[in-house]
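Trainee: Structure provided below as structure tokens; questions to follow.
The values are calculated or read from the model by the stated rules, or taken from the named source; none is laboratory data. Source: prediction; values computed, not measured. Neighbour counts run over all protein chains shown; Cβ positions are idealised from the backbone, glycine included. In case anyone asks, the SASA skips ligands and DNA or RNA and just uses the protein heavy atoms, side chains included. Shrake-Rupley method; radii C 1.70, N 1.55, O 1.52, S 1.80 Å.
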Amino acid sequence: SLAEVRTCLASTFLVVPFRTLPPLSEDAVVLRQSAMERRAGASPESKTAVAPHPLLDTTGTLRRAAANTAAAATTSPSWLALVSAGLCFLDDADDAPAGEVNANIDPLPPFGASLDKVLSATILAATAVTSSSLTTRGARDALAALARRAESLAMATPLVSRHVSAVVAIAGLVEQTCDIQTYDETVTASHAVSSLKRAVLGESTPFGPSLSDAALKRAPRDVRLEFVRRAVGISPETTTAILALAGGWLLAEMRADASGHENGDDDVASSTAVFSAVLDAITNVGWVCAPNVDGDDTRTTGGGWYGHRPGQRFATKERLTLCLLAFHGASKKGRRKALAEAAVACCGKNKPKTRRDGVLAQTARAHLFFIFAHCTVHFSRSPVWLEQRVRDVLRGEESVERRTMTAGDAALDENLFETHETVASESTENDAVSRLPPETLHAVRDAALAMANHETARSTEGSKTFVTLADLAAASARSRNAAWAALCALPANANSHTLTERESTSTSPSSSVGGFSFAWACVARCRDEALAQCTSPSRESIRALHEVVVALDAGAAMASPAKMALTCLAADALSRLFAAAAGRASADPARAMSDTLRSDHESDAVAEPSWLALTKLSVSLASATRRWTSASLTQRMSPSDARAVGLLLSAGINRVAAAPVLDAISPGLARETSDVLGNDDRWLTRRDAALRGAQTAERAACAYLDGTDVAAALFAAQMATRAALEATTRTARADASLGERAAAAATARVLLDAIAEDPTTEFVAAVAREASGALRDAGPGSSP
């Protein structure tokens, strides 16, 4: 019949192009060699034959080097013409009535081997079309014909993982590079590839993925799970549209797992597989692990889906969202296992690793601690913000800003984890984290402190990617935030003795004032003494307050904005600690506030009231605020404007009186000066937004951890100054024996009035006067 003639012609045209195709993947190579051995009777020659490099590596990721080499050697104009002609004849034969074509002469029968060949040819054609701007219409038509043939075979052939990975690779190659306006939509390559993707994986819609008609639904469950695992956690070129489909399949498998749990089945493979894959991918970016057998594998070069790729859109946020979804989709037993795995990943146990340098590597290590903190705090249920974010991922929506993001922008996105809501939404004292071995908890604590203390992001040597100083500072800030979130998530007993007596008196930068460990030790003491309902600060807290005052007076906090911010964090925590102790002591009539604070030196028996120590802290912080104000004015303004503002401040002229003069010097200078000094109502709004309603030192710390520039250091100094003054007021009002210390009270009033009258500290003038008023009843003979 005519149909058989067309089938024979198709076989003739396709035999040569398909003979030179490289294998699709490693498992296809094994299958091909086994078939060759059976046909050749397992001859020695067949056993020693060297197979070409496969197009997909062992994880299903396209090996671009192998694809480019094979495409350059194979996809000549004559090759493309033969493929187009052969598939055209085959399409005509398919239109014949059933029974007219002998199935034995079909060159591409509906078997896995045929789909392997067509997908390999499609990858080569897609590589040829997308790698050159001078592609012909014939090349695009060949790609479209191959995609249509792959679609028909996929609908009739049992799918395996390499087939699904090949479809993902083809879609990633074509959809972002082919111009769909070049030809009519019915013949365009982009349309054919999109149709192939829909037929195999499902359709991504604005209302979520549609999966009911996808060929993947009829594939074995392991194939679906492997697709999700590879798309979310492994493949560096997964697009947001593919991630939307992967999220849909993940939810479908999670529902299947949930029904299995109800029936007593504890299978959580769909969740734990994805979660583990993401953890492994992040770990491989942060550390140098054992090399992979695939030399082309980007996961071993420190990039992975974090890395820099020209023209690639990054979906870091979407991947991490699905990772957290996978955690919450597991059973309780599965979540405990995942939490333990995250803890081990944070502290780098079980695998010999070497830390990588660079912004992406440090940020990846920080992400591990963020994931651990999230899993610990939200162990029982997922937060509302995550549910909304999952819905956004399933819609496949991509904002204009994300399309222009670089690898660094995507990794440093401050909205990847809702850390403020995470630490405030649930109690961290849960059964899951308490069940972790104590050595693991201590290892996580030590790793978090080490990361925040010693890691300073720097550009890798020989990197071709430009890294700004802002990116380096932002990476360090992410490390501090991640370490803090992890430390807050640990149970109290894991954080006990965070800073030992020996360490607190050592000269190591991490344990001195301005170091992360010192700040965390102050906050941990504040928490521990609050839990113990202490009515007087401990000797360690008194010593820490003294060290902060000495460091501020010596100007040590001016070394860097980050050091100043951490110093202010410690000052804020100690202010809260002393004020809370004073409040508890005042509630106990048997306690005298004058005895709640002793001198730091054991040989000195003179008692010092808490409000006087806090007044000294306020004065030191106000002095540091003046220095950072000068630095901020110099950075933001021209030298002449900064000099004029400095003269008016030194003359003691307040904001209202100075405004006309400043605007006369330069229009808008008064407004800009108020932005720097914070001496208007907007500063209080900014402070409240930074604190986010924090009631404890642990929560308030988030406002200090992002200090990366001069403006942030000034804002931290201003917030700590106000916190110290508020604590001074509270302790003074709680001290029942205030009149007995009239001279000290008068001295404190003089210092507080000086803060209130200084235009540089005008932002706390009202609070300083309130603290001074609380000491007004010192009694007769109060002149200093």
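Trainee: In Å², and per residue, what accessible area does region 631-694 have when probed at 1.4 Å with the other protein chains present?
Mentor: About 56 Å² of surface per residue is accessible.
Trainee: Another question about this same structure. Using the structure shown, select from Lys563/Lys616; Lys117/Lys317; Lys337/Lys563 the pairs with a Cα to Cα distance greater than 26 angstrom.
Mentor: Violating the 26 Å Cα-Cα cut-off are Lys117/Lys317; Lys337/Lys563.
Trainee: Counting only other residues whose beta carbon sits under 10 Å from that of Ser25, what net charge do I get with K and R as +1, D and E as -1?
Mentor: -2
Trainee: Among 649-657, 331-339, how do they line up from the highest to the lowest mean number of other beta-carbon atoms within 10 Å?
Mentor: Result, highest mean Cβ count within 10 Å first: 331-339, 649-657.
Trainee: Using 0.36 nm per residue of separation minus the Cα-Cα distance, give me the extension gain between Val288 and Arg313 in nm, one decimal.
Mentor: Between Val288 and Arg313, full extension yields 6.5 nm more.
Trainee: In addition: Could you state the number of Å between the C-alpha centres of region 321-393 and region 214-252?
Mentor: Spelled out, the Cα-based centre of one part sits 19 Å from the other.
Trainee: Taking R0 as 35 Å, what FRET efficiency do you get between Ala256 and Leu531 from their Cβ-Cβ distance, rounded to the nearest 0.05?
Mentor: After rounding to 0.05, the efficiency reads 0.20.
Trainee: Another one. Exactly which GluC sites (Glu not before Pro) in region 206-263 are in a DSSP loop and have at most 16 other Cβ atoms within 10 Å?
Mentor: Here no loop site has a sparse enough neighbourhood.
Trainee: Here's something else I'd like to know. Take peptides 570-581, 748-759, 193-204 and line them up by average Cβ neighbours within 10 Å, highest first, as a rough protection proxy.
Mentor: The packing order, highest mean first, is 570-581, 193-204, 748-759.
Trainee: A further question follows. Any idea how far apart Val5 and Val661 come out in nm if each label point goes 7 Å out from Cα toward Cβ?
Mentor: For Val5 paired with Val661, the spin-label model returns 10.3 nm.
Trainee: Just the number please: accessible area per residue for region 536-586, 1.4 Å probe, all protein chains included, in Å².
Mentor: Per residue, region 536-586 has an accessible area of 28 Å².
Trainee: May I pose another question? Once you have the Cα-Cα distance between Ser650 and Ala587, take 0.36 nm times their residue separation minus that, and quote the gain in nm to one decimal.
Mentor: Between Ser650 and Ala587, full extension yields 18.3 nm more.
Trainee: Given the C-alpha centroids of region 699-763 and region 613-644, what is the distance between them in whole angstrom?
Mentor: Centre-to-centre distance over Cα atoms comes out at 15 Å.
Trainee: Quick one: if you stick a label point 7 Å off each Cα along the C-beta vector at Glu672 and Ser212, how many nm between them?
Mentor: 6.3
Trainee: In addition: With each pseudo-label sitting 7 Å past Cα toward Cβ, what's the Ala492-Arg682 distance in nm, one decimal?
Mentor: The modelled label-to-label distance comes out at 4.2 nm.
Trainee: With a 10 Å radius around each residue's Cβ, average the other Cβ atoms per peptide and rank 474-480, 66-72, highest first.
Mentor: Final packing ranking: 474-480, 66-72.
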